[in-house]
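Everything on this sheet refers to the single structure shown next.
The values are calculated or read from the model by the stated rules, or taken from the named source; none is laboratory data. None of these values were measured; they are calculated from a predicted model. Note that each Cβ is placed from the backbone with ideal geometry, even for glycine, and that neighbours are counted across all protein chains shown. Surface areas here come from the heavy atoms of the whole protein model, side chains and all, with no ligands, DNA or RNA. Shrake-Rupley method; radii C 1.70, N 1.55, O 1.52, S 1.80 Å.
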Amino acid sequence: MSRADGVAIVLWIAATLYAIFGGADFGAGLWSLLAGGSERGRRPRELIDWAIGPVWEANHVWLIFVLVVLWTGFASAFEAVFSTLFIPLSLAALGIVLRGSGFAFHHSARRAGGRALAETVFGVASVLTPFFMGTVVGAVAGGRVPTGNAAGDEVTSWLNPLSLVIGALFVSTCAYLSAVFLVSDARRAGAPDLERYFVDRALISALAAGALAAVGLVVLRNDARFLFDGLTGDALPLVILSLVCGTAVLILLRRGARRGARPLAAGAVGSVIWAWGVAQHPYLLPQKLTIAAAAAPNATLTSLLILFAVAVLVVLPSFALLFTLVQRNLVEETSRPAVQLRGADASRDDP
């Protein structure tokens with residue numbers, strides 16, 4: 001394996017981590033938006049705030065890592081993507097900023113109207129950001145990003161059926177991941193009513209993601225045959241693995257199993273991402289730019305691999321410690337939702 005392939009693998013690992021953990025955070029914003037009126041949606045939003053509060057900002061480390069590796073290790077690919085697709089990328093970046101602002105201000109706003117506005121901004125931005133990121137992936141997968149500075153069409157490159165379907169798929173996948181994670185968080189908080197609430201939403205979003213994935217394969221066959229052939233060829237075992245993991249998650253949720261759903265949901269999403277990578281190998285930009293052609297000099301690639309080794313030794317244990325503390329309820333930024341008892345009076349308050 002060449003150093004260029006090694007750096008490409010590092011890039012894909014970081015993208016996978018961001019898709020799983022960052023995606024779950026984006027999905028939480030969607031569920032916050034869809035929770036309903038202030039009183040009806042109060043308890044789901046309390047759980048979301050409690051669950052993601054200590055970690056939501058940390059997950060953007062992986063996005064920064066992806067950008068640094070792409071820019072440093074594969075500058076020509078970075079140039080092509082960020083010049084042709086500057087519109088959806090700018091909208092996604094704006095969404096990240098607005099989402100962070102909404103999440104921060106809805107805790108500190110003194111007036112109910114201000115809190116409601118901040119919650120809406122947080123929710124809407126949490127939908128728009130993964131959608132526009134998905135359109136970028138659709139543009140790359142569809143071969144609409146040629147090499148060179150602004151060499152592709154700034155509008156049709158991402159505003160097309162394939163990009164729109166993948167954008168919607170990104171949103172539904174984030175919703176699915178988040179709902180599965182929040183089922184475990186509701187159990188951790190001792191809130192069985194919220195556990196049932198998010199089990200239902202996990203099942204619904206899983207079905208939506210599956211339907212969009214099926215539509216995406218049809219569009220891929222017509223619009224990006226090279227990638228479709230890769231997914232049904234060398235990458236087919238990973239596609240099957242994703243389907244198996246996703247099905248297992250649904251079975252566990254229906255049976256009320258207490259363990260396994262989150263890693264299997266992460267495996268379902270991660271398998272799809274790696275299937276995409278295998279399907280388009282050896283290209284960074286399918287049929288336009290190979291990994292080898294885009295790679296920086298060997299000295300730069302070696303530095304990136306050393307940087308990744310340092311991150312494995314320093315950053316990953318730090319993240320593992322943070323998530324362990326959160327999962328053991330040793331780090332809390334907001335009060336956990338109170339336990340809601342079942343019964344005639346309590347059932348009227350169920351979300």
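Listed by first and then second residue, the pairs linking a residue in segment 240-252 that is touching a residue at least 60 places away in the same chain (Cβ under 8 Å) to a residue that is surrounded by fewer than 18 Cβ atoms within 10 Å (Cβ to Cβ) and part of a helix (DSSP H, G or I), with Cβ atoms under 6 Å apart and 6 or more places separating them unless they lie on different chains, form an empty list.
Here is a list: I64, I96, I48. Which entry is touching a Ser or Thr at 6+ places or on another chain (Cβ under 7 Å) and surrounded by fewer than 21 Cβ atoms within 10 Å (Cβ to Cβ)?
Values: I64 fails: touching a Ser or Thr at 6+ places or on another chain (Cβ under 7 Å); I48 fails: surrounded by fewer than 21 Cβ atoms within 10 Å (Cβ to Cβ).
Sole residue among the options that is touching a Ser or Thr at 6+ places or on another chain (Cβ under 7 Å) and surrounded by fewer than 21 Cβ atoms within 10 Å (Cβ to Cβ): I96.
Applying a threshold of 9 Å to beta carbon distances and a minimum spacing of six or more residues, or different chains, the list of pairs starting in segment 199-228 at a residue that is in contact (Cβ under 8 Å) with a residue 24 or more places away in the chain and ending at one that is of a type in the set (S, T, Y) and outside any helix (DSSP H, G or I) reads F226/Y283. Taking segment 14-41 as the range and being touching a residue at least 40 places away in the same chain (Cβ under 8 Å) and open to solvent by 30 Å² or more (accessible area, probe 1.4 Å) as the test, the residues that pass are A15, L17, A19, F21, L33, L34, G36, S38, R40.
Condition check ((1) within 19 Å of A24 (Cβ to Cβ); (2) assigned to a helix (DSSP H, G or I)) across all residues:
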residue: P146; (1), (2): no, no
residue: V165; (1), (2): no, yes
residue: T173; (1), (2): yes, yes
residue: A186; (1), (2): yes, yes
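Condition first: free of Cβ contacts under 8 Å to residues at least 24 places away in the same chain and assigned to a helix (DSSP H, G or I). Now tell me which residues in segment 1-12 satisfy that.
If we filter segment 1-12 for residues that are free of Cβ contacts under 8 Å to residues at least 24 places away in the same chain, which is where we start, we get 1, 9.
The answer is I9, and nothing else.
Residues that are farther than 20 Å from G23 by Cα, in contact with a helix residue (DSSP H, G or I) (Cβ under 7 Å, 6 or more places away or on another chain) and open to solvent by less than 10 Å² (accessible area, probe 1.4 Å) within segment 184-223 comprise A189, A191, L194, listed in sequence order.
Any idea which residue in segment 92-132 is modelled with the lowest pLDDT, counting only those that are among the small types (G, A, S) and under 18 Å from W31 (Cβ atoms)? Let's see the steps before the verdict.
Of the residues in segment 92-132, the ones among the small types (G, A, S) are 92-93, 95, 100-102, 104, 108-109, 112-114, 116, 118, 123, 125-126.
Checking the rest, the ones that are also under 18 Å from W31 (Cβ atoms) come to 95, 100, 102, 116, 118, 123, 125-126.
On the way: G95: 93, G100: 85, G102: 84, A116: 81, A118: 85, G123: 91, A125: 94, S126: 93.
Per the criteria, the residue is A116.
Number of residues in segment 226-270 that are farther than 30 Å from D193 by Cα, in a helix (DSSP H, G or I) and of a type in the set (A, V, I, L, M) equals 7. Scanning segment 105-115 for residues being open to solvent by less than 50 Å² (accessible area, probe 1.4 Å) and assigned to a helix (DSSP H, G or I) gives a total of 2. Of all residues in segment 80-90, which are assigned to a helix (DSSP H, G or I) and buried (at least 18 other Cβ atoms within 10 Å of the Cβ)? Selection gives A80, V81, F82, T84, P88, L89.
A quick yes/no check of all residues on (1) modelled with pLDDT of 90 or more; (2) within 19 Å of A93 (Cβ to Cβ):
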position	(1), (2)
M1	no, no
A4	yes, no
A14	yes, yes
G37	no, no
H60	no, yes
V68	yes, yes
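So, in segment 181-204, exactly how many residues are of a type outside the set (D, E, K, R) and in contact with a Gly (Cβ under 9 Å, 6 or more places away or on another chain)? The total comes to 3.
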